[in-house]
Structure formats: structure tokens, C-alpha cells
Amino acid sequence: MALDSLTLFLLIGAGAVTAIPLLLFATGAKRISLSLIGFLQYIGPTIMLFLGVFLYHEPFSLVQLIAFLFIWAGLFIFTFSRLSRFRKIFERLTTFYKPKEKSL
């Protein structure tokens, strides 16, 4: 089975188009917390949902809306509980390791 040059070029290009975003994601993922990565993973499907419903007029039932709202409510509850826990730990650390004031 022989491939013409255009098909071969497109196959190689498809590999690069797939690999480059994955490499960039892996590089960026090393720089942020895993909690933030998990939260950001919900952005893509949410955008796709909005595109499907509002741009392509896909059917979206009340049950699906309720499920969608429960998922995002759970994400917000988890995120804010983590933030409040982090703030408490940060306050404890800052009060415990208060820098000593220099006397004149």
C-alpha cells in the first residue's frame, strides 16, 4: 500500500498537531497545583456543552441541567473548602513565624 506524498505529509502533521499540545500541557501542569489542574479539566467540557446548546441548538433537558449544576456546585464546594483550609493554615504559619521587630 503506497501513500502519496500529501497523505504522508498529513499523517506526520497530524502527529505533530497531537503531540505539541500534550507536551505544552505537561510543561504547564508542572507549574501549577494538581487541584487547579483538576478544576481546569472541567472547563473544556463546559465550553463544549455551551457550544452544543447555544450554537448548534442541541437538546438539553432539565435533568441534564440539574446534573450539570450539581457537578459545578460540587466543584465550588470543594474549591472553597480547600481555600478556607489553606487560609487557616497560612494564618497559623504567619502568626507562628512572625518576624521579630528590630529595636533601635
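The values are calculated or read from the model by the stated rules, or taken from the named source; none is laboratory data. Remember, predicted model here, so these are calculated numbers, not experimental data. Cβ coordinates were reconstructed from backbone atoms using ideal geometry, including for glycine residues, and neighbour counts include every protein chain displayed.
Using the structure shown, decide if Ile47 is surrounded by fewer than 10 Cβ atoms within 10 Å (Cβ to Cβ), assigned by TED's automatic domain parsing to the domain that holds Phe68 and under 18 Å from Ala67 (Cβ atoms).
Details: surrounded by fewer than 10 Cβ atoms within 10 Å (Cβ to Cβ): no; assigned by TED's automatic domain parsing to the domain that holds Phe68: yes; under 18 Å from Ala67 (Cβ atoms): yes.
Answer is no for this residue.
If the Cβ limit is 7 Å and pairs must be 6+ apart or interchain, which residue in the range 25-36 that is under 22 Å from Leu75 (Cα atoms) pairs with which residue that is of a type in the set (Lys, Arg)?
Close Cβ pairs satisfying both conditions: Ser35/Arg82.
Contact list please: Cβ distance under 7 Å, first residue in the range 69-95 and surrounded by fewer than 10 Cβ atoms within 10 Å (Cβ to Cβ) and in a helix (DSSP H, G or I), second residue of a type in the set (A, V, I, L, M, F, W, C) and modelled with pLDDT of 85 or more, pairs at least six apart or on different chains.
Between residues of the range 69-95 that are surrounded by fewer than 10 Cβ atoms within 10 Å (Cβ to Cβ) and in a helix (DSSP H, G or I) and residues that are of a type in the set (A, V, I, L, M, F, W, C) and modelled with pLDDT of 85 or more, there is no close pair.
Looking only at the range 24-47, which residues are among the polar types (S, T, N, Q) and at pLDDT below 90? Break it down into steps so the answer makes sense when it comes.
Just the residues of the range 24-47 that are among the polar types (S, T, N, Q), to begin with: 27, 33, 35, 41, 46.
Hits for the range 24-47 are Ser33, Ser35, Gln41.
Taking the range 22-40 only, how many residues are exposed (fewer than 10 other Cβ atoms within 10 Å of the Cβ) and not aliphatic (A, V, I, L, M)?
3
Name the residue, out of Thr7, Thr18, that is at pLDDT 95 or above and either farther than 26 Å from Ile71 by Cα or part of a helix (DSSP H, G or I) (or both).
Details: Thr7 fails: at pLDDT 95 or above.
Among Thr7, Thr18, only Thr18 is at pLDDT 95 or above and either farther than 26 Å from Ile71 by Cα or part of a helix (DSSP H, G or I) (or both).
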